[in-house]
Structures are given as C-alpha cells and as structure tokens.
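A short reminder: the numbers here are calculations on the coordinates, not readings from a lab. This is a predicted model, so every value here is computed, not measured. Positions of Cβ are backbone-derived with ideal geometry, glycine not excepted, and every protein chain shown enters the neighbour counts.
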Amino acid sequence: MRRAHPDAEIVAIDFSRRSIALAKRLQAKSRHLRPIRLEVADLAAPDFPQLNGRDFDFISCHGVLSYIARPEAALRNFARCLKPNGVLYLGVNGLTHASVTLRETLPLFGFDIAEMKDDNTYLRRVLRLCDRIAGRTGADGVAKFKPEHLAGDVFGPVILNLPLRKWVRLARGTGLQFRGSYYAWRQMRSVLAADAGRLLMPRSRAEVCQLADRMYPHSFHRVLFTPEQEPNPPWNNANALMRCSAQWTKLYRGPIPNPRRTSRALTNFRLTSRATNTRLDWHLPGWLLPILRQADGRRSLGETAADLSLHIPATVLQRYLYLLHQLLVITLLPPVSHRERE
C-alpha cells in the first residue's frame, strides 16, 4: 500500500503487541515505511473509532474476522471509521474452507482442536491422509502448511466459515452495503460467455455474486462493502434504461475496434486488467462499439444512439449492456438530472 500510495496516511493495526513490536523493528530499517502508523488495538473494542479515526477512504481486513468471536462488533467499528464514500475490503472464510472438515476430523485422531500444541510428525501424517482423501495436491494441500499457518487456520477456539450471504447479513446489520465478490465475479465470466446472462437479469452485481456462492460455495471470500448501496439500473424497463448513461470502469483497458457503426457482425473485443491479472476476449456486434467509445457518463444511451443514427431494438442493447455491466467493463449511471439532485 505504501508503494502504491506514497502520499497516503496509513494506519496498521494488530491485536498482538508482539506483532506490532516486530513490525516496528522492521519499519525502522526502511525509511520508506517509517510514515506508517503502527498501533495495538482490538477491532471489536467500543472505543476503536475514537482511537484510530473516523475518516478512512479505505479499510483492508484480510484473514482476521473469521477468527474473532464478535465479527459484527468489528464491522460496526469499520462502518463508523469509513468516510461516506469509503470502501471496506474483507478477506473471510467461506463455507467450504478446509478447516471445516479438518476441525471435525482431527479430534478423531486425538488432537485438541482448540489449540495446536506441537507441530509433530504424527500431525503431518494425519494431514497428508486428509489431503489424499480430499483430493488436495501440491500447494492446495494442508500438510505443507507452516506451523503458524496451521495454528491460525485450523486450530483455535473460534473459526467462522460462513457462506457469503451470512457475511453480507452481518455487514448489513452494521450499515455496510455489499458491492461485490472477486471469486464470484470470476466464476460468472464463464456463465456470461455462454450467453446465460439473460437468466440472471435483472439481478444486481451484488445479487449475482450471492447467487453464485449459493450454487457453488467458495472456500474464501474477497469482498467489498461501502456505506452506500450501489443502485441497480432499471433492467426490466428498456425506455428507462435508455435514459441512463454508460461509463467505463477503471478496471479494464484496451483499444476499441472501429468497424462500420451499423455493422451487426461480431467483432473481437480484447481488454486487459492489470489489477486482476485477467484478460477479456469477447465478441460484440459492430454497432455497439461506437456506443462504448462514447461511454463517458455524460450523455444518455438514448442520446448517443440517436447521434449515431442507430436503430437497434432496446431489448438487444439491454442484453449486451447487462453483460458488460456484470463483467465490470462499464457502469450504468442514473439519468443526469437525478444525479444532480443527489
């Protein structure tokens, strides 16, 4: 974070005094890291916002909330610390996390699951057995986990392995709105490529992510929350949709082909995302590309189509826009007059 945002004020927090002391020793060796403020704090403490501030643009909490007894208290503090347009990133365990079966299995071999006593040969043999039965190989196997990894990810008094909808419910109870899931978004790409997107319409991005996790529960969630809920475009009303405007997200980059603007032939459309290390290779009709070229959020889709003299059925345009919206290539914004009132 410090490398990516050298001018940002960064606060790093851990419950363990030992961890913070170690971090400070490492920090002292690097002038680049010295501006980071390191603090010992309890995420669930009532005075957490007063001690750490209430005006954060971004909060990251990865691999923590699954291991505390009161995650809703921490979420409430995060909500109080964020700016109205701030973003919370969470990395939390899912319903199929490896610890679910391991915590049921290891006691059968004589282990106390509440605390890891020793990293012994017998434990490694049992873990290899679990890997073989579960079909885990190579880097996916738990038998190769470091002792500190096992102590935190498998052993312990509290490990919450929850489906996405339950994490969303916990966050919503604190005023945080779910915006999307990285793994569910990647999973939906193959669905959209198979032209099954119309089966999902008019669900929002957040609803599609939760649906994907219901159908195929994930072992780990990488999710975003904000104090504000993302408005869902009027997908069921083609006329209202044409009054919205399209805007490119900052996730993808790439040149837009320039076929004849009235062409209905499919044109290969390639975009890359450095942030997610992914590439999109899609086939879109030629008439859609001029619309994308003018997708700057300033003019409505209806105005753009009129200027380009495009006579495309609104339902056809609706289908492609929904596809690109779910892929996070574009975002559809409400009418300009409505945004100005807001």
Task: Near-label residues of the range 162-188 by backbone N, under 19 Å of a point 7 Å along Cα→Cβ of residue 58 - done: 177-183
Task: Cα-centre dipole for the chain with unit charges at Cβ (Lys and Arg positive, Asp and Glu negative), debye to 20 - done: 800
Task: 3J(HN,Hα) from dihedral phi, the range 86-102, Karplus parametrisation 6.51/-1.76/1.60, rounded to Hz, x for glycine, proline - done: x, 10, 10, 9, 10, x, 9, 5, x, 5, 10, 4, 4, 5, 4, 6, 5
- [ ] Rank 68, 193, 171 by how far each Cα sits towards the positive end of the charge dipole of the chain (+1 on Lys, Arg Cβ; -1 on Asp, Glu Cβ) and give me just the farthest.
- [x] 193
TODO: Would you work out the charge dipole size for the range 98-153 about its Cα centre, treating the Cβ of every Lys and Arg as +1 and the Cβ of every Asp and Glu as -1, and quote it to the nearest 20 debye?
DONE: 280
Open item on the list: Only four residue types carry charge here, +1 at the Cβ of Lys and Arg and -1 at the Cβ of Asp and Glu. Report the dipole size of the range 238-341 about the Cα centre in Debye, rounded to the nearest 20.
Closed with: 200
Task: the range 1-40: relative contact order as a whole-number percent, Cα under 8 Å and 6+ apart - done: 53
TODO: Could you work out how far apart the two model spin labels at residue 69 and residue 41 are, taking each label as a point 7 Å from the Cα in the direction of the beta carbon, and quote it in nm?
DONE: 2.2
Open item on the list: So if I take the centroid of the Cα atoms in the range 125-200 and the same for the range 28-74, what is the distance between those two points in Å?
Closed with: 23
- [ ] Would you mind counting up the charge near residue 318? Only other residues with Cβ under 15 Å from its Cβ, with Lys and Arg at +1 and Asp and Glu at -1.
- [x] +3
Task: Relative contact order for the range 98-153, counting Cα pairs under 8 Å that sit 6 or more residues apart, in percent - done: 32
- [ ] Mind checking the full-extension length gain between residue 104 and residue 133? Use 0.36 nm per residue of separation minus the Cα-Cα distance, one decimal, nm.
- [x] 9.0 nm
Task: Translational diffusion coefficient (Stokes-Einstein; Kirkwood radius from C-alpha pairs) of the range 1-160 at 10 °C, 1.306 mPa s, in µm²/s - done: 88
Open item on the list: With an 8 Å Cα cut-off and a minimum separation of 6 or more residues, compute the relative contact order for the range 238-341 in percent.
Closed with: 39
- [ ] Calculate the spin-label point distance for residue 85 paired with residue 189, positioning each point 7 Å from the Cα along the beta-carbon direction, and give it in nanometres.
- [x] 2.9
